[in-house]
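A.B. asks: After the structure tokens below, expect a handful of questions from me.
The values are calculated or read from the model by the stated rules, or taken from the named source; none is laboratory data. Computed from a predicted structure; not experimentally measured. For neighbour counting, all protein chains shown are included, and Cβ atoms are generated from backbone atoms with ideal geometry for every residue, glycine included.
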Amino acid sequence: MDREPFTPRRNGYRPPTGCLTPGRSPWTRPQEHEHHGGDALHRQHTGGAAGAPPPHDGTSAHDALFYDSVDQVTAVAAPWLLEGLADGDAAVVAVAAETAAPLREVLGDDPRVVVVERHELYRHRTPAAITAFRRFAAEHARPGRRVRVLGEVDFGGTAADHREWQAYEAVINVAFTGWPLWGLCVFGSRLPEPVLAAARATHPHLRTATGRTVNPDFVDPATYLRELPVSDEQLESTPPLLADDDITDYAGLRHAVRDRLSDVDGPADVLEDFLMAVDEMASNAVRHGGAPAGLRLWSGPGRLVCTIRDAGRGWDDPFAGYGPAHGEDLSHGGMGLWLARQLCDHVAIRRAGDGVSVRLTTLLP
């Protein structure tokens, strides 16, 4: 199938702006088989300065701080950040404005501290946040030192939003392995209980006013991701706009999807992004999955939903799609699910005895 090369700006991938804006993706790895854009994050990374972790003596770390008041965050996080600066570390602060204000007063104007509006990172899609932090580490970590990141994820307002960022918290335990990053994620007590439970399960260490301790509730990231439930989508129980349960004419199906989307009231770039994601995932299902491969498309109030399935049983990579399978050279392919995670608001993978399905959701303004 002929298609234009993926162009982030034209096709709707909107990375964070400002100092953390990534250029080309820093994901680089050996070539490997892709099924739905699978990506084994634990494999050895190779490549140039932007594609591999810079040399450093420490290892990545991922801690959690639970707080009831902003004063608690300042009391615990400020000494941790100041300690790092004294040792030669750089720092990124990406928290809510009310949390950042007292930290600014304590940290002063040290040029190694970058304060970022958290929505610049955490309301974009999860691969963009991973890429931005890795890029920042590659460019700003001094030899033998780390970048300390104080982060407060914006989990969004729906169960589907929550799931995207719950998965992110588990994924970065693997995605940042070997990178000079030390994250301290802060969680307010007013967050929904499922979010707080996810935080307890996805951070290997806890930090309090009395110090840093091993988290007894930490769950292996791969196990956590495999067990993370997928919320129901009501549209899937309604008649679809388009259904093909045994794809034999792939080109015809693509034209049919485009035709149905032409009747949807939404921004042209958003619809084009969704079409590209559907196109990539359907292509993967037909080429790499077990027959039969199928597709169903729905349009509902404020959203588009498409489910692509195949009968393959051998694919089980919980980290799939958080980086392109073949690194910076996108001409090698292997970017289907990685593209889908950037072009759609929600991506849910379901595995069952009869195969695998990927549900893509794009929200319409």
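A.B. asks: What number of residues within segment 268-305 satisfy the criterion of being touching a Gly at 6+ places or on another chain (Cβ under 8 Å) and farther than 28 Å from residue 316 by Cβ?
C.D. replies: Here the count works out to 3.
A.B. asks: A further question on this structure: Pairs only if they're at least six apart or on different chains, beta carbon under 8 angstrom, first in segment 135-158 and closer than 24 Å to residue 67 by Cβ, second among the basic types (Lys, Arg); list them, first residue then second.
C.D. replies: The qualifying pairs are 151/118; 152/118; 153/118; 154/118; 154/123; 156/123.
A.B. asks: Residue pairs, Cβ under 7 Å, 6 or more apart or interchain, first in segment 339-355 and within 12 Å of residue 309 (Cα to Cα) and assigned by TED's automatic domain parsing to the domain that holds residue 294, second assigned to a helix (DSSP H, G or I) and among the hydrophobic types (A, V, I, L, M, F, W, C). List them.
C.D. replies: none
Conditions tested, residue by residue: (1) outside the structural domain of residue 316 (by TED's automatic domain parsing); (2) part of a helix (DSSP H, G or I); (3) out of contact with any Asp or Glu (no Cβ under 9 Å at 6 or more places or on another chain); (4) surrounded by 12 or more Cβ atoms within 10 Å (Cβ to Cβ).
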| site | (1), (2), (3), (4) |
| --- | --- |
| 191 | yes, no, yes, yes |
| 195 | yes, yes, yes, yes |
| 199 | yes, yes, no, yes |
| 207 | yes, no, no, yes |
| 213 | yes, no, yes, no |
| 216 | yes, no, yes, no |
